[in-house]
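A short worksheet on the structure shown next.
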Amino acid sequence: MKKTVGVLFAAAVATAALAIPTIGAGAPQTVRVSEVDGRISLATKPRAGLVKVVVRNRGDEAHDFWVRGGGKRWKTSVLIPGRAATPTVRLKKGVRYSFWCGVSDHAEDGMRGSFIAR
(Lines give C-alpha, C1' and ligand atoms only; values in the text may rest on other atoms or scores of the structure.)
Protein backbone atom coordinates (compact mmCIF):
# COMPACT_ATOMS: atom_id res chain seq x y z
CA MET A 1 0.00 0.00 0.00
CA LYS A 2 2.81 2.45 0.91
CA LYS A 3 4.57 1.73 -2.42
CA THR A 4 1.36 2.43 -4.37
CA VAL A 5 0.82 5.72 -2.55
CA GLY A 6 4.47 6.65 -3.09
CA VAL A 7 4.29 5.87 -6.83
CA LEU A 8 1.05 7.83 -7.19
CA PHE A 9 2.53 10.78 -5.30
CA ALA A 10 5.66 10.73 -7.51
CA ALA A 11 3.49 10.59 -10.63
CA ALA A 12 1.42 13.55 -9.40
CA VAL A 13 4.56 15.60 -8.67
CA ALA A 14 6.00 14.80 -12.12
CA THR A 15 2.73 15.77 -13.82
CA ALA A 16 2.59 19.06 -11.92
CA ALA A 17 6.21 19.82 -12.78
CA LEU A 18 5.51 19.30 -16.48
CA ALA A 19 2.46 21.58 -16.32
CA ILE A 20 4.26 24.53 -14.67
CA PRO A 21 5.84 25.93 -17.89
CA THR A 22 2.41 26.13 -19.55
CA ILE A 23 0.69 28.01 -16.73
CA GLY A 24 0.06 31.58 -17.88
CA ALA A 25 1.39 30.92 -21.39
CA GLY A 26 -2.11 31.33 -22.83
CA ALA A 27 -3.24 31.01 -26.40
CA PRO A 28 -2.10 33.44 -29.08
CA GLN A 29 -4.23 36.51 -29.68
CA THR A 30 -6.52 36.09 -32.70
CA VAL A 31 -6.80 39.05 -35.07
CA ARG A 32 -9.38 38.85 -37.84
CA VAL A 33 -8.53 40.60 -41.10
CA SER A 34 -11.14 41.33 -43.75
CA GLU A 35 -10.05 42.08 -47.29
CA VAL A 36 -12.64 43.74 -49.50
CA ASP A 37 -11.79 45.24 -52.86
CA GLY A 38 -10.01 48.52 -52.08
CA ARG A 39 -9.85 48.06 -48.28
CA ILE A 40 -8.23 45.95 -45.56
CA SER A 41 -9.59 46.14 -42.02
CA LEU A 42 -8.34 44.60 -38.79
CA ALA A 43 -11.01 43.71 -36.21
CA THR A 44 -8.66 44.63 -33.35
CA LYS A 45 -5.19 46.09 -32.89
CA PRO A 46 -2.61 43.31 -32.53
CA ARG A 47 -0.67 43.11 -29.26
CA ALA A 48 2.95 42.11 -28.89
CA GLY A 49 3.57 38.38 -28.69
CA LEU A 50 2.16 35.45 -30.59
CA VAL A 51 -0.72 36.44 -32.90
CA LYS A 52 -2.89 34.18 -35.04
CA VAL A 53 -4.02 36.24 -38.03
CA VAL A 54 -7.23 35.03 -39.69
CA VAL A 55 -7.29 36.65 -43.15
CA ARG A 56 -10.52 36.32 -45.14
CA ASN A 57 -11.03 37.58 -48.69
CA ARG A 58 -14.54 39.03 -48.70
CA GLY A 59 -14.10 40.81 -52.03
CA ASP A 60 -14.75 39.93 -55.65
CA GLU A 61 -11.08 39.84 -56.65
CA ALA A 62 -8.10 37.75 -55.53
CA HIS A 63 -6.05 39.21 -52.65
CA ASP A 64 -3.09 38.30 -50.48
CA PHE A 65 -1.92 39.77 -47.16
CA TRP A 66 1.58 40.96 -46.34
CA VAL A 67 2.96 42.15 -42.98
CA ARG A 68 6.40 43.74 -42.48
CA GLY A 69 8.12 45.11 -39.38
CA GLY A 70 10.75 44.38 -36.77
CA GLY A 71 13.08 42.97 -39.42
CA LYS A 72 10.56 40.29 -40.46
CA ARG A 73 8.09 39.81 -43.30
CA TRP A 74 5.13 37.43 -43.59
CA LYS A 75 2.63 36.83 -46.38
CA THR A 76 -0.27 34.61 -47.28
CA SER A 77 -0.82 32.94 -50.61
CA VAL A 78 -3.15 34.65 -53.04
CA LEU A 79 -6.70 34.04 -51.82
CA ILE A 80 -9.58 33.74 -54.23
CA PRO A 81 -12.89 35.32 -53.13
CA GLY A 82 -14.35 33.58 -50.08
CA ARG A 83 -11.08 31.88 -49.06
CA ALA A 84 -9.09 32.38 -45.86
CA ALA A 85 -5.58 31.86 -44.53
CA THR A 86 -4.35 31.73 -40.94
CA PRO A 87 -0.67 32.55 -40.44
CA THR A 88 0.71 32.83 -36.90
CA VAL A 89 3.27 35.57 -36.30
CA ARG A 90 5.31 36.86 -33.37
CA LEU A 91 5.15 40.65 -32.94
CA LYS A 92 7.57 42.80 -30.97
CA LYS A 93 6.33 45.42 -28.53
CA GLY A 94 6.58 49.01 -29.75
CA VAL A 95 7.39 48.06 -33.34
CA ARG A 96 5.43 49.59 -36.22
CA TYR A 97 4.14 46.97 -38.66
CA SER A 98 2.88 47.72 -42.17
CA PHE A 99 0.33 45.52 -43.93
CA TRP A 100 -0.94 45.51 -47.51
CA CYS A 101 -2.32 43.50 -50.39
CA GLY A 102 0.50 42.72 -52.82
CA VAL A 103 -1.72 41.81 -55.76
CA SER A 104 -1.43 44.17 -58.74
CA ASP A 105 -1.95 47.80 -57.66
CA HIS A 106 -4.28 47.00 -54.74
CA ALA A 107 -2.02 48.66 -52.13
CA GLU A 108 -2.03 51.90 -54.13
CA ASP A 109 -5.82 51.64 -54.33
CA GLY A 110 -6.10 51.75 -50.51
CA MET A 111 -5.47 48.17 -49.40
CA ARG A 112 -2.77 49.04 -46.87
CA GLY A 113 -2.28 50.22 -43.32
CA SER A 114 -0.10 50.00 -40.25
CA PHE A 115 -0.21 49.46 -36.49
CA ILE A 116 2.15 49.49 -33.52
CA ALA A 117 2.17 46.31 -31.42
CA ARG A 118 1.45 47.31 -27.80
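The values are calculated or read from the model by the stated rules, or taken from the named source; none is laboratory data. A quick note: this is a predicted structure, and the numbers were derived from the prediction, not measured. Ideal geometry is used to build each Cβ from the backbone, glycine not excepted, and the neighbour counts take in all protein chains shown. Note: areas computed on protein heavy atoms with side chains; ligands, DNA, RNA excluded. Shrake-Rupley method; radii C 1.70, N 1.55, O 1.52, S 1.80 Å.
Extension gain W74-S114, at 0.36 nm per residue separation less the Cα-Cα distance, in nm? Don't skip to the end; give the middle numbers.
Details: separation 40, 0.36 × 40 = 14.40 nm, distance 1.40 nm.
In short, 13.0 nm is gained.
With a Förster radius of 22 Å applied to the beta-carbon distance between T44 and R83, the computed FRET efficiency rounds to 0.50.
Multiply the residue separation of S104 and K52 by 0.36 nm, subtract the distance between their alpha-carbon atoms, and state the gained length in nm to one decimal. Don't skip to the end; give the middle numbers.
Working: separation 52, 0.36 × 52 = 18.72 nm, distance 2.58 nm.
Using 0.36 nm per residue and subtracting the Cα-Cα distance, I get 16.1 nm.
Taking amide H positions as modeled 1.01 Å from N, with prolines and chain starts lacking one, the residues under 5 Å from A117 and 5 or more places away or on another chain are G94, V95, Y97.
When R32, R68 are compared by accessible area at a 1.4 angstrom probe, the order from most to least is R32, R68.
The 3J(HN,Hα) values that the Karplus relation (6.51, -1.76, 1.60; θ = phi - 60°) gives for region 80-97 are, in residue order, 6, x, x, 8, 9, 9, 9, x, 10, 10, 10, 9, 9, 5, x, 8, 7, 10 Hz. Gly and Pro appear as x.
Give a quick list of GluC sites (Glu not before Pro) in region 33-118 that DSSP marks as loop, anything other than H, G, I, E or B, with at most 13 other Cβ atoms within 10 Å.
Here the sparse-neighbourhood loop sites are E108.
How big is the equivalent ellipsoid of region 26-118 along its three axes, where each semi-axis is √(5λ) from the Cα gyration tensor, reported in whole Å from largest to smallest? Can you show the working numbers first?
Working: eigenvalues 91, 39, 22 Å².
For region 26-118, the semi-axes come out at 21, 14, 10 Å.
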